[in-house]
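The values are calculated or read from the model by the stated rules, or taken from the named source; none is laboratory data. Remember, it's a predicted structure, so these values are computed and weren't measured experimentally. Here the Cβ is made from the backbone with ideal geometry for all residues, glycine too, and neighbour counts use every protein chain on show.
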């Protein structure tokens, strides 16, 4: 069944799924087509922590990262007309998962283990929880977190544009959408498939700093 944002009152789309499933690429393309803002929660966390995600894991530990993550996702839910890319482990938190499902459209991008390994090979060191060849075990562990969603799309063999088309078709019944500044929702058009102006990544003003241990003074420069 085709689901429309204006039927549910939800005007935020959250993109979830395992690492290397294409959340950032698909999310930014979806936002570009809709004319909405794109937010990558990992980038929000890095800006607030003053260090990269791998550095947060190494210096502060995963529990501290998850506190930053909770604050970033909860804050994003307060916005509107956004496409939000979630970290691979964000939906493992049951409370956070429930918040996203009840207040936004959740799209899960499915990916096979071999695809993850192939894509991760090009980004060595950027995925802390993948450093150890534990992809399959981690995917099995996280499977329940990805089991509930509004839309599910496989990304292994499809380009970003095709995955985005599929999401738009499931949301609006067509991949041809045209943004109108007069309306809070994208208009449907069967003729004009040209995208609207892109929503650019930005540092949201809604972010609330979580309570986490400070990293050692002078260990890392602020970014």
(message) Which of the numbered conditions does residue 137 fail, given that it passes all the others? Conditions: (1) under 20 Å from the mean Cα position of the chain (by Cα); (2) at pLDDT below 95.
(response) (1)
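One line per residue, one yes/no per condition, for (1) over 15 Å from residue 115 (Cα atoms); (2) crowded, with 17+ Cβ neighbours inside 10 Å:
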{"residue": "136", "(1), (2)": "no, no"}
{"residue": "141", "(1), (2)": "yes, no"}
{"residue": "147", "(1), (2)": "yes, no"}
{"residue": "158", "(1), (2)": "no, no"}
{"residue": "161", "(1), (2)": "yes, no"}
{"residue": "164", "(1), (2)": "yes, yes"}
{"residue": "168", "(1), (2)": "yes, yes"}
(message) Could you go through segment 110-125 and let me know if any residue there is surrounded by 12 or more Cβ atoms within 10 Å (Cβ to Cβ), modelled with pLDDT of 90 or more, in contact with a strand residue (DSSP E or B) (Cβ under 8 Å, 6 or more places away or on another chain) and closer than 21 Å to residue 28 by Cα.
(response) yes
(request) Could you check residue 30 against (1) modelled with pLDDT of 95 or more; (2) in a loop (DSSP other than H, G, I, E, B); (3) surrounded by 23 or more Cβ atoms within 10 Å (Cβ to Cβ) and say which number it fails? (result) (2)
(request) Answer with yes or no whether residue 185 is farther than 28 Å from residue 70 by Cβ, part of a loop (DSSP other than H, G, I, E, B) and at pLDDT 75 or above. (result) no
